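Reading through the structure tokens given below for one structure.
Throughout, read-outs are computed from the coordinates displayed, never taken from laboratory work. These numbers come from a predicted model, not from an experiment. Using ideal geometry, Cβ is built from the backbone for each residue, glycine included, and neighbour counts are taken over all protein chains shown.
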């Protein structure tokens, strides 16, 4: 047996059929690593089909996790790949690093399976060009699992479904992970199914012991614990769950009932599901008949005085546009969460992209400004969902929060917040001072933020609506002069939100010639790339946008300071287009539209050439 | 105590002179005074179209929204705040064409809102195109050779969506309108009052068959729960079942007495007879007016609130910290 390799971080990728339990295996290993003091970032990568034909390339489901210290991304390439069948290997071979470890199920590499995966020779490793560069660890996962459970009296199908636990046992041995913790997580997962718990525990333990007894002649890993994290209580949280929690916290802190109107859509559905489960905390989350109704029920609840939210993905945002315009016109606080996916149309429902930015900014009829913000990590979805709510309630404006499939489904370490330390939220509700002659347009003349009054409040009755109103009387008005004034007022109201936004920070080498600019979910990859560039002697600065409309007040100062500015984003240049209009100068672009996050390697390579 | 004036806003009413909507507005304000809910506890929500201007004329909370979405916006408001009385004003286009999906789903959920469905069988605000309730062959600006499609009867949709309340009235018949509106307000669930209204400009005479008071007695039947289905100038006509069909008979002819006449049961869960009544057509049958269906059923907003109370009584999660406590966690 080789010496345990000490490393700062390691990337493990589990892959198999979409029914092989790869997401569960990956999640368990991630939790296990975090509990032992590692930082983690995960990247579930799964097909749109729930159960694609077995053994085919289209049905391969993957789960990648990066564990260790200084983790900002799920990693470009894998140190360890677990492949449950030839199709999974074929799809994922390209992520294998030189000298990485490949664990595969020999029982699934028969002639039939090879043919299904489209191999043309009988040696998959030479065919994929990895036979010389990768440490092969062949294990009869299927047979060994069957052997392990032979006395359990389970049907063959259920037995085979446990083989992912054998693989996890092997991985636990490889990474010196104590089994008792893994069994503890299994206990939570199968709390209501004691027979399955027993079977999975047995297979997991047998997998671990098998590797131990065999003294596999491969690298084992000792991964460093995170050393620069603030002390506190931590958990692992997926972006969509963090988003839901941020909304719940904002509801509590603002004293407004939290209402969600939503319609199931990949990859945003988790937000609906999380909030539907929060009746205990008084959250009214309803699943309605369509996307339009999701937005409209939220607008109704906002008219009634709630923190009102709708959640969706790109196609849903398109359907909600008209109603969003109504919220602009009626000056109602609503939060719209768009968990972006590959488009246009149905596009790539399970893959990530940043292609809804221009739709969020401009995708409505008329001059229709809204606040647009974006989260940058799975865990900061909590913060930005909270801030989206705060901005909406304090400024009587719709706010669109952009996250994406990568953030929503991925997970990260999250330090549990103290709710009392979150920023205060002061909804802009009308008081006695506005009662006399209250109208739908009664507003703070300085900020242009109108006052919120809702049914049930005596003395504040008013009529609101989607028709243009007279600036002074709130009566329906078709006057051109008045319309121009109202258009400017709505723009000014959104613009003044910048007064309360944090400044844009610059990371990396502030004095570099080159500034890397990103927004939203690319933060981790861009930061890692910039760190690497600076470490390799290529001075690079980095500015990342979470607040997009309005921009932070110092955005211009930052952007004009650098000789070269390269905007990196997962689309064809939407932020670059936007920023050119806001802060005109020359911008370089680096774009990727492959339904996948950036890799740090490709960013580094490209930025070096600038 | 309130009078109809308490529900009148200071806005000038801008419907065309002679439009049936004026009469419905007056009936609504009078009915509201009798119902007695304070104006600030009421929200009137509408979509787009002539009838959807109604909220501007009400001295309540009002929201004039977007085309077809009134039902969805009303659903959000009522679910969030069941304590508010919610009325929805909508038209045949707003409700049955662009807003059809929201309409059937609000009816299916039985959310406790009161819907005034102004049916003039035409698109007025866009100046005269046919609507989903225009009769087949109807000539309009968008159907210069007559429509080739079959119209909806709103009651069909409502009953198909398992609706619990349906009433019908005519713009000029103020007593029936107020009666229907009061019954709608009392009913827990989605109450739909189809208001047959005339459009002077683009579909004048939409309901001319029953417009005059003299004709109305013979050509309509105003249904009342628990009362025999008798109608006519001389109160001598009635409805009986003939096999599966409704039939008009004359009391005193062929040995028919009042005892033979059907008694209206609006509270009957089985919708079959309500459907037959609502679908009666001229000239052979009288048009059914009044409260056709009014059955009890749990309403959505109440069910949502009840479920929340049940969960809260059982759950150990009372605060945000409790919620965090449910997560797998560790110190680092």
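Of note:
- The mean number of partner chain beta-carbon atoms within 10 angstrom of a residue's beta-carbon across peptide B:42-51 is 2.
- Springs join every pair of Cα atoms under 10 Å in this Gaussian network model of chain B, and among B:194, B:214, B:302 the largest mean-square fluctuation is at B:214.
- FRET efficiency, 1/(1 + (r/R0)^6) with R0 56 Å, evaluated for residue A:446 and residue B:129 via beta carbons: 0.75
- Considering only alpha-carbon pairs that sit under 8 angstrom and 6 or more positions apart, the relative contact order computed for the stretch A:471-610 is 25 percent.
- Cα-based helix-to-principal-axis angle, A:163-174 vs chain A, degrees rounded to 10: 80
- Residue B:254-residue A:233 pseudo-label distance in nm [points 7 Å out on the Cα-to-Cβ vector]: 8.1
- Centre-to-centre separation between the Cα atoms of the stretch A:471-510 and those of the stretch A:378-452: 16 Å.
- Distance-filtered residues of the stretch A:56-77 - backbone nitrogen under 13 Å, label point 7 angstrom along residue A:94 Cα→Cβ: A:77
- Between helix A:179-189 and chain A: long-axis angle, C-alpha atoms, 0 to 90°, nearest 10: 50
- Projected label distance in nm at residue B:136 and residue B:186, using a 7 Å step from Cα toward the beta-carbon: 3.9
- Beta bridges from DSSP with both residues in chain A: antiparallel share about 35 percent, rounded to the nearest 5.
- Ranked list, fewest to most other Cβ atoms within 10 Å of each Cβ, for A:172, B:195: A:172, B:195
- The orientation-averaged projection of the convex hull spanning the C-alpha atoms of chain B amounts to 23.0 square nanometres.
- Peptides A:268-278, A:323-333 ranked from most to least packed, by the mean per-residue count of other Cβ atoms within 10 Å: A:323-333, A:268-278.
- Cut-off 17 Å (backbone N to label point 7 Å along Cα→Cβ of residue B:162), residues of the stretch B:105-139: B:105-113
- Spin-label zone in the stretch A:5-47 - amide nitrogen under 12 Å from a point set 7 Å from the Cα of residue A:54 along the C-beta vector: A:17-20
- Note on chain B: with a GNM built from Cα contacts shorter than 10 Å, the maximum mean-square fluctuation among B:129, B:88, B:307 falls on B:307.
- Rounded to 10°, Cα long-axis angle of helix B:20-35 versus longest principal axis of chain B: 60
- Share, in percent, of DSSP beta bridges within the stretch A:506-608 that are antiparallel, nearest 5: 20
- Per residue of A:304-311, other chain Cβ atoms within 10 Å of the residue Cβ number 3 on average.
- Calculated FRET efficiency for the pair residue A:582/residue A:602, C-beta based, R₀ 30 Å, to 0.05: 0.65
- Look at A:171, A:476 and count the other Cβ atoms within 10 Å of each Cβ; fewest to most, that gives A:476, A:171.
- Segments B:105-118, A:564-577 sorted - mean Cβ within 10 Å per residue, highest first: B:105-118, A:564-577
- The label-point distance for residue A:5 and residue B:13, in a model that sets each label 7 Å from Cα toward Cβ, rounds to 8.3 nm.
- Radius, Kirkwood style, for the protein assembly as shown when every pair of distinct Cα atoms is counted (Å): 31.1
- For residue A:365 and residue B:201, the FRET efficiency from 1/(1 + (r/R0)^6), where r spans their Cβ atoms and R0 equals 25 Å, is about 0.35.
- Estimated purely from DSSP H runs of n ≥ 4, each contributing -39500 (n - 2.57), the mean residue ellipticity at 222 nm for chain A is -11000 deg cm²/dmol once divided by its residues.
- As a length-normalised measure over Cα pairs under 8 Å and 6 or more apart, the relative contact order of chain A settles at 12 percent.
- MRE, 222 nm, helices only [DSSP H, n ≥ 4, -39500 (n - 2.57), over chain B, to nearest 500]: -8000 deg cm²/dmol
- Residue among B:34, B:253, B:224 with the largest mean-square fluctuation in a Gaussian network model of chain B, springs linking Cα atoms under 10 Å: B:253
- Ranked A:380, A:404, criterion: other C-beta atoms within 10 Å, fewest first: A:380, A:404
- Dividing the mean sequence gap of close Cα pairs (under 8 Å, 6+ apart) by how many residues the stretch A:235-421 holds gives a relative contact order of 29 percent.
- Per residue of B:309-319, other chain Cβ atoms within 10 Å of the residue Cβ number 3 on average.
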